[in-house]
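Here is the structure we will look at.
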Amino acid sequence: MIRAAADTDVPGILDIYNDVIVTSTAVYSDDPVTLDNRRAWLRGRQQQGYPVLVAAEGDAVVGFASFGDFRSSPGYRYTVEHTVHVHPERRGTGIGRQLIESLIPLAVAQGKHVMIAGVDAANSGSIRFHERLGFIQVARFEEVGFKFGRWLDLVFLQRKLGG
């Protein structure tokens, strides 16, 4: 079930996010975050009017997605950048697709024109995932991130939403 995130979902969101941090280059951060950090993130998104969706199986959060400002300058107000993460045991089951497919109409309803995805260039699975959802690669930034003792390239993909 895909639904809006509630405060009670924050521990599940935290578990997924911290797993991504410690096991992958999907997030260019070295250190796990705290429960207070994720609570503040959720409140911040809600205060800005941006959605946070969760995929839930019973009481368990098995994935989450959101979008927020791409950049803070007013000229970028119609462009958002999204995030989507799925529990490691549920990846490849369609949950990520369901989350993004639920997120896009919310962006359109807010009058957004473009959605951006920032993906580690070595993550071919995520790049293919986004391409299947209609995103196209528009940029590659070489060695802009550093994690696990190596330089990382970042790929930007975009999807025009209309409007």
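The values are calculated or read from the model by the stated rules, or taken from the named source; none is laboratory data. Quick caveat, the model's predicted, so the values are computed rather than measured. Positions of Cβ are generated from backbone atoms using ideal geometry, with glycine treated the same way; all protein chains shown enter the neighbour counts. For accessibility, only protein heavy atoms count, side chains too; no ligands or nucleic acids. Shrake-Rupley method; radii C 1.70, N 1.55, O 1.52, S 1.80 Å.
Quick notes
- Of everything in segment 115-132 that is among the hydrophobic types (A, V, I, L, M, F, W, C) and in contact with a helix residue (DSSP H, G or I) (Cβ under 9 Å, 6 or more places away or on another chain), the residue that is surrounded by the fewest Cβ atoms within 10 Å (Cβ to Cβ) is Ala121.
Let's see how each residue does on (1) within 22 Å of Pro32 (Cβ to Cβ); (2) small (Gly, Ala, Ser); (3) more than 16 Å from the chain's Cα centre (by Cα):
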| site | (1), (2), (3) |
| --- | --- |
| Ala122 | yes, yes, yes |
| Ile127 | no, no, no |
| Leu133 | no, no, no |
| Phe141 | no, no, yes |
| Arg150 | yes, no, yes |
| Leu154 | yes, no, no |
| Leu157 | no, no, no |
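- Each residue in segment 14-24 was checked for being open to solvent by less than 40 Å² (accessible area, probe 1.4 Å) and without any contact (Cβ under 8 Å) to a residue 12 or more places away in the chain, and 0 of them qualify.
- Against the numbered list (1) part of a loop (DSSP other than H, G, I, E, B); (2) more than 18 Å from Arg45 (Cβ to Cβ); (3) open to solvent by less than 40 Å² (accessible area, probe 1.4 Å), Gly111 comes up short only at (2).
- Beta carbons closer than 6 Å, at least 6 apart along the sequence or on distinct chains, pair a first residue in segment 72-99 that is more than 13 Å from Val62 (Cα to Cα) and among the acidic types (Asp, Glu) with a second that is open to solvent by less than 90 Å² (accessible area, probe 1.4 Å) and outside any helix (DSSP H, G or I) for Glu81/Phe70; Glu81/Ile116.
- Test: residue in segment 37-59 that is surrounded by fewer than 20 Cβ atoms within 10 Å (Cβ to Cβ), outside any loop (DSSP other than H, G, I, E, B), aromatic (Phe, Trp, Tyr) and within 16 Å of the chain's Cα centre (by Cα): yes
- Any chance Pro11 is over 25 Å from Asn123 (Cβ atoms), touching a residue at least 24 places away in the same chain (Cβ under 8 Å) and in a helix (DSSP H, G or I): yes
- Checking the stated criteria, Tyr78 turns out to be open to solvent by 50 Å² or more (accessible area, probe 1.4 Å) and at pLDDT 95 or above.
- Looking across segment 20-42, the residues that are closer than 21 Å to Ile2 by Cα and out of contact with any Asp or Glu (no Cβ under 9 Å at 6 or more places or on another chain) come down to Val20, Arg38, Trp41.
- Scan of segment 110-132 for residues that are without any contact (Cβ under 8 Å) to a residue 40 or more places away in the chain and in contact with a Gly (Cβ under 9 Å, 6 or more places away or on another chain), ordered by number: Gly125, Phe129
- Residue check, Gly96 part of a helix (DSSP H, G or I), in contact with a strand residue (DSSP E or B) (Cβ under 8 Å, 6 or more places away or on another chain), among the small types (Gly, Ala, Ser) and open to solvent by less than 30 Å² (accessible area, probe 1.4 Å): yes
- Among the residues of segment 25-36, those that are surrounded by 16 or more Cβ atoms within 10 Å (Cβ to Cβ) and touching a residue at least 60 places away in the same chain (Cβ under 8 Å) comprise Thr25, Ala26.
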